[in-house]
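The values are calculated or read from the model by the stated rules, or taken from the named source; none is laboratory data. Computed from a predicted model, the values in this text were never measured in an experiment. Neighbour counts are summed over all protein chains in view; Cβ atoms, including those assigned to glycine, are modelled from backbone coordinates with ideal geometry. Just the protein is used for accessible areas: all its heavy atoms, side chains included, with ligands, DNA and RNA removed. Shrake-Rupley method; radii C 1.70, N 1.55, O 1.52, S 1.80 Å.
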Amino acid sequence: RLAGAAPEAPAAPWKPPVEDVFQAAARRQAAARPAALGRRLAARLLDTVVLGAVTAAAAVPLGMKALDHVDAKIEAAKLSGRTVTVWLIDGTTSVHLGIVLAVLLLGGVLLEVLPTVKWGRTLGKKVMGIEVRDIEAHEAPEFGAALRRWLVYSVPGLLVVGVVGVLWCLFDKPWHQCWHDKAAHTFVAAA
């Protein structure tokens, strides 16, 4: 220091410009709480109604065409005067069924999987204030995990066995995971 010079302000220690990722992950994990089961059910019902409406938009017209096709086959069999086997599933009706199934799968990916990957929530989960998180990173799941989560929910659900997988969350501790959460290594958290 020179004589008569003004004293300098003490220098602040250097801090990294970004937050420590390990501390941020520890805070997210400490703050994570499983979502209430009633909110999860309400979110699932809303998501099911939306996906059902999208699927019905394709299923109703195609179903009407399939019914008309089957009715025409039955009328032709009656007019033939012989005993004839009328197959309900044939080349025409199977194409209609395949299109409806494709709409259901595409709708599931667009309305369930992609929003879960991008934001960690679907429309129903957003309305109910809950989100899907990876069990370890506590962030939105990757595409493969979100797809697996939706498939493990929907395929057994069509076979009615899915009810057991969904009810599993009533007894699972500590994260209240259903089978689809366990398959994807996720849990549903209160946002």
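Collect the residues in the stretch 135-150 that are among the hydrophobic types (A, V, I, L, M, F, W, C) and either free of Cβ contacts under 8 Å to residues at least 24 places away in the same chain or surrounded by fewer than 17 Cβ atoms within 10 Å (Cβ to Cβ) (or both), keeping them in residue-number order.
We begin by selecting, within the stretch 135-150, every residue among the hydrophobic types (A, V, I, L, M, F, W, C); these are 135, 137, 140, 143, 145-147, 150.
Answer for the stretch 135-150, where residues must be among the hydrophobic types (A, V, I, L, M, F, W, C) and either free of Cβ contacts under 8 Å to residues at least 24 places away in the same chain or surrounded by fewer than 17 Cβ atoms within 10 Å (Cβ to Cβ) (or both): Ala137, Phe143.
When Trp87 is evaluated against the numbered criteria (1) of a type outside the set (Lys, Arg); (2) surrounded by fewer than 18 Cβ atoms within 10 Å (Cβ to Cβ); (3) under 11 Å from the mean Cα position of the chain (by Cα), which criterion, by number, is the only one it fails?
(3)
Scan the stretch 151-191 residue by residue and report those that are in contact with a Pro (Cβ under 6 Å, 6 or more places away or on another chain) and either within 20 Å of Thr55 (Cβ to Cβ) or surrounded by fewer than 12 Cβ atoms within 10 Å (Cβ to Cβ) (or both).
Answer for the stretch 151-191, where residues must be in contact with a Pro (Cβ under 6 Å, 6 or more places away or on another chain) and either within 20 Å of Thr55 (Cβ to Cβ) or surrounded by fewer than 12 Cβ atoms within 10 Å (Cβ to Cβ) (or both): just Gly162.
What are the pairs, 6+ residues apart or on separate chains, where a residue within the stretch 163-191 that is without any contact (Cβ under 8 Å) to a residue 60 or more places away in the chain and closer than 11 Å to Val132 by Cα has its Cβ under 8 Å from a residue that is among the charged types (D, E, K, R) and open to solvent by 10 Å² or more (accessible area, probe 1.4 Å)?
Pairs that qualify, where the first residue is without any contact (Cβ under 8 Å) to a residue 60 or more places away in the chain and closer than 11 Å to Val132 by Cα and the partner is among the charged types (D, E, K, R) and open to solvent by 10 Å² or more (accessible area, probe 1.4 Å), are Asp181/Arg149; Ala184/Arg148; Ala184/Arg149; His185/Asp134; His185/Glu136; Thr186/Arg133; Thr186/Asp134; Thr186/Arg149.
Going by the conditions given, is Lys78 basic (Lys, Arg), part of a helix (DSSP H, G or I), touching a helix residue (DSSP H, G or I) at 6+ places or on another chain (Cβ under 9 Å) and over 25 Å from Phe143 (Cβ atoms)?
Values: basic (Lys, Arg): yes; part of a helix (DSSP H, G or I): yes; touching a helix residue (DSSP H, G or I) at 6+ places or on another chain (Cβ under 9 Å): no; over 25 Å from Phe143 (Cβ atoms): yes.
Criteria not met by Lys78.
Do you know which of the residues in the stretch 131-189 that are among the β-branched types (Val, Ile, Thr) and in a loop (DSSP other than H, G, I, E, B) is farthest from Ala42 (Cα to Cα)? Spell out how you get there, then give the answer.
Here is the first cut: in the stretch 131-189, the residues among the β-branched types (Val, Ile, Thr) are 132, 135, 152, 155, 160-161, 163-164, 166, 186, 188.
Imposing the further condition that a residue be in a loop (DSSP other than H, G, I, E, B) reduces the set to 135, 160-161.
Numbers: Ile135: 22, Val160: 19, Val161: 20 Å.
Filtering the stretch 131-189 for residues that are among the β-branched types (Val, Ile, Thr) and in a loop (DSSP other than H, G, I, E, B), the one farthest from Ala42 (Cα to Cα) comes out as Ile135.
Given the condition touching a residue at least 12 places away in the same chain (Cβ under 8 Å) and over 30 Å from Thr186 (Cα atoms), answer yes or no: does some residue in the stretch 71-85 qualify? Don't jump to the end; show me each part of the working.
Step one: filter the stretch 71-85 for residues touching a residue at least 12 places away in the same chain (Cβ under 8 Å), giving 73-74.
Going one step further and asking which of them are over 30 Å from Thr186 (Cα atoms), we end up with 73-74.
The answer is yes, given that some residue of the stretch 71-85 is touching a residue at least 12 places away in the same chain (Cβ under 8 Å) and over 30 Å from Thr186 (Cα atoms).
Filter the stretch 106-130 down to residues that are among the aliphatic types (A, V, I, L, M) and open to solvent by less than 80 Å² (accessible area, probe 1.4 Å), then give me how many there are. Let's see the steps before the verdict.
Step one: filter the stretch 106-130 for residues among the aliphatic types (A, V, I, L, M), giving 106, 109-111, 113-114, 117, 123, 127-128, 130.
Filter once more, keeping what is open to solvent by less than 80 Å² (accessible area, probe 1.4 Å): 109, 111, 113-114, 117, 128, 130.
Selection size over the stretch 106-130: 7.
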